[in-house]
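Written below as structure tokens is the structure these notes are about.
The values are calculated or read from the model by the stated rules, or taken from the named source; none is laboratory data. What you see is a predicted model, and the numbers here were worked out from it, not measured in a lab. Don't worry about glycine lacking a Cβ; one is built from the backbone with ideal geometry, like all the others, and counts go over all protein chains shown. Heavy atoms of the whole protein, side chains included, go into the accessibility calculation; ligands, DNA and RNA do not. Shrake-Rupley method; radii C 1.70, N 1.55, O 1.52, S 1.80 Å.
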Amino acid sequence: MDLIFVMLSLVFGGSALASVKIINQGNEALVERLGSYNKKLEPGLNLVLPVLDRVVFRETNREKVIDIPPQKCITRDNVAIEVDAVVYWRIVDMEKAYYKVENLQAAMVNLVLTQIRSEMGQLELDQTFTARTEVNEILLRDLDIATDPWGVKVTRVELRDIIPSKAVQDSMELQMSAERRKRAAILTSEGERESAVNSSRGRAEAQVLEAEANQKAVILRAQAEKEATVLKAQAEREQQILKAHAIAQSSDILAQKMKENPKAQQALEVLLALGYLDMGSAIGQSESSKVMFMDPRTIPGSIEGIRSIVSEAQVDKHGNG
């Protein structure tokens, strides 16, 4: 009796343990009852019926990555290339992922390879390198639509390597070398042209600056000579005026002496005769000079003439000053 009780306890205990299913966070499981779909187990503690219920599929709904191996493709201009890629995806409907397709990951890989060959066949070789972003977007859109019935969401597709054949690589290297030499020749010629233009412009500007400097120097020399001439003329005129004034003062003194001593007339005639030439030269060089003929014997008339000349010279000095 005790043995039977122990056996029943073990059977019921084992059944109770078998009925408890624990699902980790981020995972889901599908349960079939008697061969048909019954329910989906969520993360946490779940109960199933022993013997009748069976967990047939357990998978994560987190994002996963498929590494697509290199695939040979033919471009539109008949160039053979190898392309590989990575695909980021996750399961959004666990029932479809299990019941709509067999071996989901293998189906995903084959679908991606087919789409890559199709897209590469629509492009020329040069476009495969420049239109990588556009190709990624097209692959993402097409794969997302194609995998929707499988309960899969494709989140990102990235072409990783695009490798042409060895012959094509050699041709591309030759073309790139020729293009680099062409660009180098163009840059060299442009640099020489700019250098020649800059040199010509520099010489022209230097000539202009030299001409301007010479012109300014000529103008400054002319102004200096003009100012020197004016100052020299003014100095000579002032000196002439001072000489004439001194002669006039001497004449006044002599005239006064003559009145006091009649014998001084002969001395005055001699003095006037000696200074006649100097006074005449000074008066002749003045801008407002007047020609005067003087007889030393006519002392009073000569004195009056000298006075008038001195007065006019002073008037000219004040007027020009």
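With a 1.4 Å probe and every protein chain left in place, tell me how much accessible area residue 129 has, in Å² to the nearest 10.
Rounded to the nearest 10, the figure is 80 Å².
State the Kirkwood hydrodynamic radius of segment 103-232 in Å, one decimal place, computed from all pairs of distinct Cα atoms.
One decimal place: 22.1 Å for the Kirkwood radius.
Give the ranking of 212, 28 by solvent-accessible surface, highest area first, calculated with a 1.4 Å probe.
212, 28
Given R₀ = 35 Å, FRET efficiency for residue 224-residue 249 by Cβ-Cβ distance, to 0.05?
0.40
May I ask which of 72/100; 39/96; 21/96; 100/153 have a Cα-Cα span longer than 19 Å here?
Going by Cα-Cα distance, 72/100; 21/96 fall outside the 19 Å limit.
Heavy atoms only, probe 1.4 angstrom, no DNA, RNA or ligands counted: give me 179, 32, 194 ranked by accessible area, highest first. Mind showing how you got there, number by number?
Values: 179 80, 32 20, 194 105 Å².
Result of the area sort, largest leading: 194, 179, 32.
Keeping all protein chains in place and using 1.4 angstrom, which order do 30, 111 fall into by accessible surface area, from largest down?
Per-residue accessible area, sorted high to low, gives 111, 30.
Using only C-alpha atoms and all pairs of different ones, pull out the Kirkwood radius for segment 114-188 in Å with one decimal. If you can, show how the numbers build up before the last one.
Values: mean 1/r = 0.0670 Å⁻¹.
Computed over segment 114-188, the radius equals 14.9 Å.
Quick one: how many Å² of residue 19 are accessible to a 1.4 Å probe, rounded to 10?
Residue 19 has an accessible surface of roughly 20 Å² with all protein chains in place.
State the three equivalent ellipsoid semi-axes of segment 191-242, derived from the C-alpha gyration tensor as the square roots of 5 times its eigenvalues, in descending order and whole Å.
Taking √(5λ) for each Cα gyration eigenvalue gives 49, 4, 4 Å.
Report the full-extension gain for the segment residue 239 to residue 45: residue separation times 0.36 nm, less the Cα-Cα distance, to one decimal in nm.
56.6 nm
Taking the simple approach of a point 7 Å from Cα along Cα-to-Cβ for both residue 160 and residue 36, what is their distance in nm?
Each label point lies 7 Å from its Cα, and together they span 4.5 nm.
Using a probe radius of 1.4 Å on heavy atoms only, what accessible surface per residue do you get for segment 143-205? Whole Å² is fine.
That works out to 71 Å² for each residue.
For segment 20-67, what Kirkwood radius comes out of the mean inverse Cα-Cα distance, in Å? Can you show the working numbers first?
Values: mean 1/r = 0.0876 Å⁻¹.
Hydrodynamic radius (Kirkwood, Cα pairs) of segment 20-67 is 11.4 Å.
Rounded to the nearest 0.05, what FRET efficiency do residue 80 and residue 106 have when you use their Cβ-Cβ distance and R0 = 25 Å?
Efficiency at R0 = 25 Å is approximately 0.45.
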